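Have a look at the structure below, then the notes.
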Amino acid sequence: MLGFAKAENKNDYELERLQDTLLRISPEALKLLVFIKKEILPELRKNIEFEFSVMKYVPEDKERLLDTIWARQSVSEAIMHWIYENYNVNSQTVKKQYNIGSEHNEVLSVKIWGIEHKITKEKTECWPELLGLGIFRITVTGGTIGSGSGSSYHLTDFGLRFMDYISEG
């Protein structure tokens, strides 16, 4: 169970928090976390590796820099990008899948938009739940007078540990 048996200080181990979260999380949110672990985390890790590879740093600062880079990785943006690439009528993947050329086929476009809408709802509906459980954190950007603001969801360190917990248990 995520290292509990091997933990030197079992009092500091967060087994109760992990189990409490497992009791409170919905099946849909669990399904989303499995998707994130399989499809999204590998891409985020590639982003981190690339960004880190071009940095100059002293070895003592490596952990802090990696944490800083990780903190900027938006799970919500990565999910929306995945949806676009795999379900948007304008993506090259979808154009190839449906053999879409330069002609406009409204019936096919409506069908594809419907699929993309369904997948978007499926992949985004649990975000507030995951925020409330401490698996996600939210970052709000912008918001000055006269401009819009935006928000993005990021995985917390606890969220990463929880995903390991459910996949090892």
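Readers should treat all values here as calculations from the given coordinates under stated rules, not as data from a laboratory. Predicted, not measured: the structure shown is a model, and the values here were computed from it. Positions of Cβ are backbone-derived with ideal geometry, glycine not excepted, and every protein chain shown enters the neighbour counts.
Taking the numbered list (1) touching a residue at least 40 places away in the same chain (Cβ under 8 Å); (2) out of contact with any Ser or Thr (no Cβ under 7 Å at 6 or more places or on another chain); (3) among the polar types (S, T, N, Q) in turn, THR139 passes all entries but (2). Looking at region 70-158, the helices (runs of 4 or more DSSP H) lying wholly inside it that each contain 1 or more residues that are β-branched (Val, Ile, Thr) sit at 75-87, 92-97, 106-124.
For region 82-94, filtering for residues that are surrounded by 15 or more Cβ atoms within 10 Å (Cβ to Cβ) and free of Cβ contacts under 8 Å to residues at least 40 places away in the same chain leaves 7.
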